[in-house]
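Got a structure for you, written out below as C-alpha cells; questions coming shortly.
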Amino acid sequence: MKIVKRESIRPPKFGDKALNKKFGAVIAGLSDNDAQAVLFRYVEVQVALKLRHRWLAHAQDIAAAAGQNDKWFKTIAEGAGWVSIADEALEYIRSDQTQLDKEGLLARAHIALCDKVIAELVESLTSPSLAEAYTADGTRDDSPLRHLQTSAAAADGAEKRLGAANEAWNAAMDEFSEQARVRHTYAGTDGSVTIEYLDALSADMFEEMTAWLLQRDGCEVVRKRGGPNDQGADVIALTVAGQRVVLQCKHSRRPKSRVDPRCVRELNGTARQEHGADIVGIITNRTLSDSAQSFAARHRIHVIDRRVLQRWATYGVSWLPSENSASAST
C-alpha cells in the first residue's frame, strides 16, 4: 500500500492550536528529507488506523448478529409457539452462527495485523534511517504499511458478505415465522392429532393411527397392524413415489421412558431383507436411548420419536423424504 509522493506534503492539523505549533516547530527543525519522511509516515499511520477502525466496526457488527442468533435460539428452543418449526429454524441459526464465527476469526486476525503494522510505523518515527524509506523517485516501498496491501479489499469482501447474510437471515426468520403460523393453523383442523391423544391410545390403536397418518400423506397402506409373526414390521405402506415404507411401532403409556436399542436392531435385521423396505423407520411416543439413536443413524433408520411424531401428527410436517409425501401443512 504505497503513499503517492507529490512535490510537497502539508503537515497534519490537530484540534489543539498549541499542539499544532509545537508539532510545526519539531518539523521545522528537521532536514527536508527527514521532515518529508516523518509526514509520510504520519499519513501511513492514519491509513492503518482507519483500516483498523473499519475492522473493529465489522467485528462489532458480527457480535451484534451473533447476539441476535443467541436471542432467537433461546426463543425458539424454549417457546411453545415454535415447536412446529424448531428443527429447521435451529439448524439455520447454527449454520449462520458457524459462518459468523469464521468471519469473527478473520476480523480479529486483521485487527491484530493492523496493530502490528501501526506499532512498527510509530516505532520507526524515531529511526535515523526513516528518510531512506522514501526516495525522491518513489520507487522504494519498505514501509510496514505494505503488509496491509490486501486488508482493505478483504474488508470490502467481509462487509459485503455480512450485509448479504443479514438480508438472508431476516428473510429466513420471516419465512420461519410464516411457516410456524401455517402449521399452527393446521393444528386446529380435523387432520391434526394431538400428542396427548396419541399417548392415550392402546398399542394396536397407535399402529392403526400410524397407518392413518401415512394415508394422510398420500401413502397406500399395505399393512396397518403387526402381529405375532410380523418380524418387526407393524405398518407397511407405499409412498406416492412408489417406495416401500416399513415401520416398527413402540407405544407406551409412560412416554418419558426410552426405547431399548434391541428394538432398532431387530428392525434393521428384517425390514430390508424380509420386507423389501426402501424406507425404514421406528415410530414411538417416547424417545430412543443414546445407543439406539446412534445405531439408527448408522443404519439409515428414520427415528420418528416423540418430537418428530408431534410435528407430523399435530402440525402436518411429514418426516418422509419430500418426494415421497404430500405434507399436510405445506
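The values are calculated or read from the model by the stated rules, or taken from the named source; none is laboratory data. Here the structure is a predicted model, which means the values were calculated and not measured. For neighbour counting, all protein chains shown are included, and Cβ atoms are generated from backbone atoms with ideal geometry for every residue, glycine included. Protein only, heavy atoms only, side chains kept; ligands, DNA and RNA dropped before computing areas. Shrake-Rupley method; radii C 1.70, N 1.55, O 1.52, S 1.80 Å.
Among the residues of region 66-76, is any within 30 Å of residue 178 (Cα to Cα), modelled with pLDDT under 95 and acidic (Asp, Glu)?
no
Those residues that are open to solvent by less than 30 Å² (accessible area, probe 1.4 Å) and polar (S, T, N, Q), I need them from region 144-169; list them, please.
151
Restricting to region 217-261, and then to whatever is outside any strand (DSSP E or B) and acidic (Asp, Glu), can you tell me which residue is farthest from the chain's Cα centre (by Cα)?
Restricting to residues being outside any strand (DSSP E or B) and acidic (Asp, Glu), the top hit is 230.
Give me the residue from region 203-230 that is in contact with a helix residue (DSSP H, G or I) (Cβ under 7 Å, 6 or more places away or on another chain) and surrounded by 19 or more Cβ atoms within 10 Å (Cβ to Cβ) and, out of that set, nearest to residue 316 (Cα to Cα).
Once the filter is applied, the top-ranked residue is 213.
Here is a follow-up. Out of curiosity, is residue 193 under 30 Å from residue 82 (Cβ atoms), aliphatic (A, V, I, L, M) and part of a helix (DSSP H, G or I)?
Considered against the rule, which asks whether it is under 30 Å from residue 82 (Cβ atoms), aliphatic (A, V, I, L, M) and part of a helix (DSSP H, G or I), residue 193 comes out as no.
Within region 70-114, track down each residue that is of a type in the set (Ser, Thr, Tyr) and either in contact (Cβ under 8 Å) with a residue 24 or more places away in the chain or closer than 30 Å to residue 150 by Cβ (or both).
Residues satisfying the conditions are 84, 92, 95, 98.
Additional query: Among residues belonging to region 54-96 that are β-branched (Val, Ile, Thr) and in contact with a Lys or Arg (Cβ under 8 Å, 6 or more places away or on another chain), point out the one that is least open to solvent (accessible area, probe 1.4 Å).
That would be 85.
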